[in-house]
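Visitor: Supplied in structure tokens, the structure appears directly below.
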Amino acid sequence: MISFKNVDLAFGKKKVLENLSLDIYPREIVSIAGPSGSGKSTILKLITGLIEPNSGEIIIRAKVIGMAFQYAALFNSLTVWKNIALALQETTNLSPEEIDQRVKDALKIVKLEHTEEMYPGELSGGMQKRISVARALALHPEILLYDEPSTGLDPATAYELEEDMVELRDQIGVTSIIVTHDIDTIKHISERIFILDKGHIVWQGTNQQFKNDKSAYPCSFRERRTLESCKKEYGE
């Protein structure tokens with residue numbers, strides 16, 4: 001569904017991604033992890049077309065891509081219904097009745113049907129993030145991107161949001177790509193994990209491999225230790 005082939009990206013003299021290749025398949029839930037500045041969020045920007053690589057090839061076999069932002073990015077002056085409907089009103093030729101139905105369907109998926117006429121300020125942080133997901137779902141995306149979805153959420157709310165991601169895959173076949181630092185998110189729902197460092201994929205594997213691999217990079221995330229201490233114990 002998504003393929004990066006030998007992708008290079010630099011801003012001036014600063015290399016952000018270097019010779020990066022990866023493949024993401026339909027209906028997968030994939031996590032991209034790594035330290036700050038490793039290039040994780042840059043991958044999302046490349047997928048959405050906000051930026052273009054200096055070289056290499058990016059192939060995306062999907063017509064619609066949705067995005068759930070780190071801090072929800074809702075319009076505080078608009079109701080939940082209007083927040084979700086806005087993109088449909090601006091970018092599609094759907095009738096008002098069709099837009100209303102899409103909004104209702106999206107809210108039902110994230111179990112927040114009762115919030116239509118509420119404003120973002122009346123919602124908890126977890127509810128705002130789920131509204132952000134609903135806004136993306138209303139566009140009927142084949143791929144949904146999440147930027148640090150658990151940031152600012154208590155563990156129980158983060159768990160509920162992650163369960164929503166699994167339901168989206170199982171019910172409507174959405175492919176999810178998650179940029180995260182959260183080890184619990186990675187272990188809970190990720191089918192495959194890519195770990196980036198300094199613009200390179202330094203480790204990749206399945207969820208089970210991530211939990212059991214004693215090499216330095218998965219150890220550092222899994223055990224919340226410095227990379228240096230894991231290298232001393234397990235080697236590279």
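Visitor: I need every pair where a residue in region 1-19 that is free of Cβ contacts under 8 Å to residues at least 60 places away in the same chain and charged (D, E, K, R) has its Cβ under 7 Å from the Cβ of a residue that is loosely packed, with under 15 Cβ neighbours inside 10 Å and not in a strand (DSSP E or B), sequence separation at least 6 or different chains.
Guide: ASP8/ASN54
Visitor: Quick test of your reading of the structure: ILE195 fulfils all but one of (1) in a helix (DSSP H, G or I); (2) closer than 25 Å to LEU9 by Cβ; (3) hydrophobic (A, V, I, L, M, F, W, C). Name the failing condition by number.
Guide: ILE195 satisfies every listed condition except (1).
Visitor: Assuming TYR119 fulfils every condition listed in (1) surrounded by 14 or more Cβ atoms within 10 Å (Cβ to Cβ); (2) touching a Ser or Thr at 6+ places or on another chain (Cβ under 9 Å); (3) more than 21 Å from THR157 (Cα to Cα) apart from one, which condition is it?
Guide: TYR119 satisfies all of (1) surrounded by 14 or more Cβ atoms within 10 Å (Cβ to Cβ); (2) touching a Ser or Thr at 6+ places or on another chain (Cβ under 9 Å); (3) more than 21 Å from THR157 (Cα to Cα) except (3).
Visitor: Further, regarding this structure: Being closer than 20 Å to ARG27 by Cβ, among the hydroxyl-bearing types (Ser, Thr, Tyr) and out of contact with any Cys (no Cβ under 6 Å at 6 or more places or on another chain): is that true of TYR146 here?
Guide: yes
Visitor: Taking region 198-217 only, how many residues are without any contact (Cβ under 8 Å) to a residue 24 or more places away in the chain and in a helix (DSSP H, G or I)?
Guide: Total satisfying the criteria: 6.
Visitor: Okay, moving on. Of all residues in region 1-42, count the ones that are among the aromatic types (Phe, Trp, Tyr) and either buried (at least 17 other Cβ atoms within 10 Å of the Cβ) or within 19 Å of the chain's Cα centre (by Cα) (or both).
Guide: Taking region 1-42 first, the residues among the aromatic types (Phe, Trp, Tyr) are 4, 11, 25.
Now drop any that are not either buried (at least 17 other Cβ atoms within 10 Å of the Cβ) or within 19 Å of the chain's Cα centre (by Cα) (or both), which leaves 4, 25.
So the answer is 2.
Visitor: Further question on the same structure: Among the residues of region 86-93, are any in a strand (DSSP E or B) and among the polar types (S, T, N, Q)? Show your work before the answer.
Guide: From region 86-93, those in a strand (DSSP E or B) are none; that's our starting set.
No, region 86-93 contains no residue that is in a strand (DSSP E or B) and among the polar types (S, T, N, Q).
Visitor: Hey, can you tell me all the residues within region 11-30 that are among the β-branched types (Val, Ile, Thr) and either in contact with a Phe, Trp or Tyr (Cβ under 8 Å, 6 or more places away or on another chain) or within 13 Å of LEU196 (Cβ to Cβ) (or both)?
Guide: VAL16, VAL30
Visitor: A further question follows. Name the single residue that is nearest to ILE60 (Cα to Cα) among those in region 142-160 being among the aliphatic types (A, V, I, L, M) and surrounded by 22 or more Cβ atoms within 10 Å (Cβ to Cβ).
Guide: ILE143
Just so you know, all these numbers are worked out from the coordinates, no wet-lab data involved. What you see is a predicted model, and the numbers here were worked out from it, not measured in a lab. Cβ coordinates were reconstructed from backbone atoms using ideal geometry, including for glycine residues, and neighbour counts include every protein chain displayed.
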